[in-house]
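Visitor: Okay, here's the structure, questions in a sec.
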Amino acid sequence: MIEDDLRAAFARHEALAPPVGPLRSAIDRLAAARRRRRRRLQAGGAALALLGVLGIGVPHLMPDRVAGDATLLAEPAGPAPTGALNILLLGVDGAAERPYRLADSVLLVHIPADRSRPYLISLPRDLAVSIPGHGTDKLNAAFLHGAGEPRPDLGRGYELTRRVVADLTGVRVNAGAVLTYPVLRRLTDEVHGVEVCLPREVRSFHTKRVFPSGCQRLDGAASVDLLRQRRGLPEGGLDRDRHAQLFAAGLIRRLGEQGVLTDPVRLFALVSTVNADLVLGSDGTSLVDLLKVLPDLGSVDPVGLSLPVGPPDDLGWRLSPDPKEAPAFLAALREDRLAQWVAQHPDRVNRTR
């Protein structure tokens with residue numbers, strides 16, 4: 001009896017029910033939109049973190065910081081760029097009691113057109129360069145002149161340094177990032193340490209910590225301590241540049257060992273931990289598109305190089321490009337012939353492990 005009453009009630013009200021078709025179509029459209037957004041976020045997350053692997057970042061407008069909202073990466077993607085690519089990484093000093101900033105580590109990541117492997121090229125902090133609007137000064141001062149005081153604009157510091165590096169090397173800088181010590185510390189701790197293989201013992205001028213020669217896994221605080229050191233090292237800032245190359249190569253290998261490079265979710269989560277302090281730059285090329293070249297790399301084990309320089313000037317604090325070797329090196333960089341240059345100058349290659 002109850003069943004019959006229910007059937008009769010449904011029959012009386014059936015004509016009042018809305019059509020099913022439009023509602024189903026709306027649900028299907030919503031589900032499709034969510035699937036598309038999920039795919040864009042995954043792709044964007046992979047791009048974000050892969051740039052983070054190299055110390056790079058992702059937004060397109062310099063000097064914006066990385067936004068916490070990943071929908072910034074949801075713009076239509078274009079084709080992967082062709083030709084050689086160059087990415088500028090600036091490691092800057094400064095702390096609460098030191099509001100100014102100097103770019104004491106200047107690293108140019110060169111990815112050749114044949115995508116064989118990346119090259120990490122250190123440009124010495126003490127290199128004498130022409131800085132637009134500021135005459136001749138050391139390379140690390142370009143960042144200070146651009147950023148200003150007492151509240152430095154890190155984005156402007158990056159932009160002026162990028163111009164100086166482009167003029168110095170003659171190559172187009174496609175993208176870049178400013179890496180502060182907090183960024184490096186948190187990034188290192190998130191991957192549970194980075195292995196660095198030192199050719200000789202290093203004693204910290206700042207903390208008195210001793211870093212023995214050989215391979216060792218460093219946490220974030222230890223990594224930052226090592227990367228700050230130049231006093232007491234045989235070649236000062238040049239040795240610090242080599243340590244930066246060892247750290248960068250170790251970080252890349254660490255992420256590869258953990259499988260992070262192939263997991264978009266983990267990649268995005270990793271870079272999200274440092275996004276508040278990461279300052280990025282781009283020449284207008286989509287960095288999401290830029291990262292499409294990474295799967296084509298024959299090897300992610302980088303080659304470490306340094307711009308050949310001569311002895312310090314009479315004042316003892318400024319360097320100049322070596323008049324014999326630097327022109328050939330820079331020509332090889334501009335013409336995307338670093339592999340041939342390395343084969344001809346194996347003694348100029350810095351160890352990265």
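Every read-out reported here was derived from the displayed coordinates using simple, explicitly stated rules and does not represent laboratory data. The structure presented is a predicted model; accordingly, all values stated were derived computationally and were not measured. As a convention, Cβ positions derive from the backbone with ideal geometry for all residues, glycine included, and neighbour counts pool all protein chains shown.
Visitor: Return the distance in nm (one decimal) between the two label points of a simple spin-label model at H134 and K208, each offset 7 Å from Cα along Cα→Cβ.
Guide: That separation, rounded to one decimal, is 3.6 nm.
Visitor: For D167 and R348, what does the FRET efficiency come to when R0 = 25 Å and r is the distance between their Cβ atoms, rounded to the nearest 0.05?
Guide: For R0 = 25 Å, the calculated efficiency reads 0.65.
Visitor: Please compute the length gained on full extension between S320 and C197, using 0.36 nm multiplied by the number of residues separating them and subtracting their Cα-Cα distance.
Guide: Fully extending the segment from S320 to C197 adds 41.4 nm.
Visitor: Quote the FRET efficiency, to the nearest 0.05, computed for S299 versus E235 with a Förster distance R0 of 30 Å and r equal to the Cβ-Cβ distance.
Guide: It comes out at approximately 0.60.
Visitor: Non-local amide H neighbours of S105 (under 5 Å, H modeled in plane, Pro and chain starts lacking H): which ones?
Guide: So S105 has HN proximity to G91.
Visitor: Each residue of region 142-157 in turn: what ³J(HN,Hα) in whole Hz from Karplus with 6.51, -1.76, 1.60 and θ = phi - 60°, glycine and Pro shown as x?
Guide: Once rounded to whole Hz, the list reads 4, 5, 4, 4, x, 6, x, 9, x, 10, x, 9, 5, x, 5, x.
Visitor: What Kirkwood hydrodynamic radius, in Å, does region 118-172 give when the mean of 1/r is taken over all pairs of distinct Cα atoms and then inverted?
Guide: 11.5 Å
Visitor: Further question on the same structure: Using the Kirkwood radius over C-alpha pairs as Rh, can you work out the diffusion coefficient of region 79-206 via Stokes-Einstein at 25 °C, viscosity 0.890 mPa s, in µm² per second?
Guide: Value of D from the Cα-based Kirkwood radius: 153 µm²/s.
Visitor: Separate question: Tell me which residues come under 5 Å, amide H to amide H, from E325 once H is placed; ignore anything under 5 positions away on its chain.
Guide: none
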